[in-house]
Amino acid sequence: MVDIIRARGDYSIAEYIDSEKGTVSRELYVNPDIFEQEMEQIFQRCWLFLGHESQLPNPGDFIVSRMGTEEVIVVRDRNDNKIRAFLNSCRHRGMKVCRYDEGNALVFTCPFHAWTYDTTGSLVGAGFYNRPDASTDTLPRENWGLSEVAQFKNFYGSLWATWDPKAPSFEDYLGPFAESLRHCLQSSDGEDNGLEFFTPFQRHRLPTNWKVPGFTSVTDLTHTAMTHRSSQAAGLHQDRGQGKEKPTIPFPQEKYAIGDHSLGHGGMCTFYNQAGVPQYTNEWFEPGVDDYFRDATERKAQKYVDRVMAPHGWGGGHFAIFPAVMVDSWRLRWYHPHETGMTERWTLSGVDKNAPKEVKDAVRHYSERFNGPIGFFESDDMENWNYVYPASQGARARKLDYFFRNGIGHGKYDDRLPGVIVNGSYTEEAQRARFSRWLAFMEAKSWDDLYPINKSSARRIW
Amino acid sequence: MVEIGSDRASLERLILQQELEKFLYREARLLDERRLEEWLDLLAEEIHYWMPMRRNVKFGDWDREFTSAETEINWFNEGKEILEGRIRQLNTGVHWPEEPVSRYEHIVTNVEIMDVTGDEIRVNSKFFCYQNRLQDEVNTWVGRREDLLRRDAETGFKVVKRKIILAQNVMLPKVVNTFF
């Protein structure tokens, strides 16, 4: 593996992060050499989120998703019904084999020379391949299938993949957050894999480095009051409706900013200190919707009579999976790098599979007006995330450091999530954990240096 | 050429065309002049304001091209109450992607009357919207609209339904803070 930055002969990457001062060099966000190294050493190795099985219910259904800067075809096979993922690049000359966002396919035929692949990615034919004067024996079809991801995981309906055969299993990659993610993919009555996701992906471009939103919004309680001032002032609160209630029955819970410095995941999580689920409080405009969720919550409470819920972002928070997926109890938002200064932001919003139409509609309309480039709440963020980039890029600006010191030294390990540092909810603990893991990936020669977590691979740098 | 006086229906159609164009141009002007509350007055109370997303689909699979207003995620898919909220937000002066405010120019053209039923008129048009902001932030949105308008004593017409067909797949601008 070429160390791109070191090859240039300047400094070691570790010097870009000052763990004493609690700072990160802006160079990490604006330097194209670092970006290239990230694509190689982070996005080629990590488990990345592709989509949800509810987007491709039938044999032959496919969606085109992304892994880092590259497109992948995610397709449900016609014979074994299994979902697989392939690089969207013809093995012959590299043309995009599929140029549709989604659909149902018997085969994928490249529009260049008709190299044709089935829904398991195998090459089944090529243009003029059978002609007597085309030496058929020089095309060993079995070796020229689409490039398939090294590992694929359907985790309670959510689809993940990695290009690295040496990456640990998805559950090991998540560590203590596996249960948190599993919980977020439950329906509101506590059934595993209980959500379906509204189609299609909501996708928009954001002219900034992927780490600006990808690392900052891991948890960022201090931005809300200022960034989202207009939503507050206009009465468009974060909640889903008017007449939001306060619970009358207290439930012992604690909110923290948490970060796993060895695995890189973290965010704002609620820890629950007893079995059961908190009381449901009304929050929807639309008639009947609260009734549905109140009933569902009661059904869930029965399932959790003697179970403590896994810490997760329920109730206004979210946690994030390294490198760039934010997980709520009802939606997934993630960032695809395009270039050093260009990111594409994707959102999928979920709802209980078994909810009636009026509940699905209420959740869907909330997602439409809240999320993304036209969402009144999230559009606030885009301006700040955008202009961080040009204002950090200049010859003077990039010599400065970003401040990530908030709460440094105050974090503690907590038995409820082994290996994770727990800190005040307004601290930057989760962002620091991101950078601990980021540095480990950028310096590691392979997954051997990254997992399992032990004395030599544990990389809490601050 | 229509011979005036000889064909009353044609003459009425010409006048209607003129009235509709005037209405649609005025709407665009109000948006560009930041008179957003006056723009809201031109929308019916029960308006469905809808901008679907558009997929890249196989030739002929046109029924899959637009996202469904009934079951899928759309760019805009809302009534007047939500639009009023958006305009309250734009008028706070602290909605950062519009502070400082943008210079918008909405150009409306290709106005075609598709159908007239009593007080209700189906009219199609095209728009070109140019955004210029700060020093060098430039975005454009190009598309067409399928409107259902209703005659109104006060404002001439009210927009009852609007389907906005944007010529875009991934939303390329980082935000959309204007209307079409």
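Just so you know, all these numbers are worked out from the coordinates, no wet-lab data involved. For clarity, every value in this text was computed on a predicted model and none was experimentally measured. A quick note on method: Cβ atoms are made from the backbone with ideal geometry, for glycine too, and the neighbour counts reach across all protein chains shown.
Data overview
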item	result
Rounded to whole Hz, the Karplus (6.51, -1.76, 1.60) HN-Hα couplings of the stretch B:139-146, x for glycine and proline	9, 10, 10, 10, x, 9, 10, 10
Full-extension gain in nm, B:Thr71 to B:Glu37, via 0.36 nm per residue minus C-alpha separation	9.2 nm
Unit Cα scatterers, Debye sum, chain A: log10 I(q)/I(0) for q = 0.08, 0.11 Å⁻¹	-0.50, -0.93
Computed over the stretch A:48-152: relative contact order in percent, which uses C-alpha pairs under 8 Å that are six or more apart	22
Chain A: relative contact order in percent, alpha carbon pairs under 8 Å with at least 6 residues between	20
Tensor-based shape of the stretch A:266-352 (alpha-carbon gyration tensor, a/c under 1.5 rounded, otherwise prolate or oblate)	oblate
Subset of A:Lys96/A:Lys153; A:Lys246/A:Lys303; B:Lys22/B:Lys158; B:Lys126/B:Lys163 violating a 18 Å alpha-carbon distance limit	A:Lys96/A:Lys153; A:Lys246/A:Lys303
Distance from the stretch A:170-222 to the stretch A:331-397 (C-alpha centre basis), Å	12
Folded to 0 to 90 degrees: helix B:8-32 orientation relative to chain B principal axis, Cα	20
Computed over the stretch A:186-283, Kirkwood Rh from alpha-carbon pairs, angstrom	17.3
Theoretical gain in end-to-end length, A:Phe112 to A:Ser147 [0.36 nm per residue, Cα-Cα removed]	10.8 nm
Debye log10 I(q)/I(0) at q = 0.12, 0.17 Å⁻¹ for the stretch A:48-152, Cα point scatterers	-0.38, -0.74
Near-label residues of the stretch A:118-154 by backbone N, under 14 Å of a point 7 Å along Cα→Cβ of A:Glu171	A:153-154
Free-standing Cys, the protein assembly as shown [no other Cys Cβ under 4.7 Å]	A:Cys46, A:Cys98, A:Cys184, A:Cys269, B:Cys129
For the stretch A:118-135 and the stretch A:261-315, distance of Cα centres in Å	53
Projected label distance in nm at A:Lys303 and A:Glu286, using a 7 Å step from Cα toward the beta-carbon	2.2
Derived scalar couplings ³J(HN,Hα) [the stretch A:105-114; Karplus, 6.51 cos²θ - 1.76 cosθ + 1.60; whole Hz; x for Gly, Pro]	10, 7, 8, 10, 10, 5, x, 8, 10, 6
Between 0 and 90°, nearest 10: helix B:80-90 axis offset from chain B longest Cα axis	50
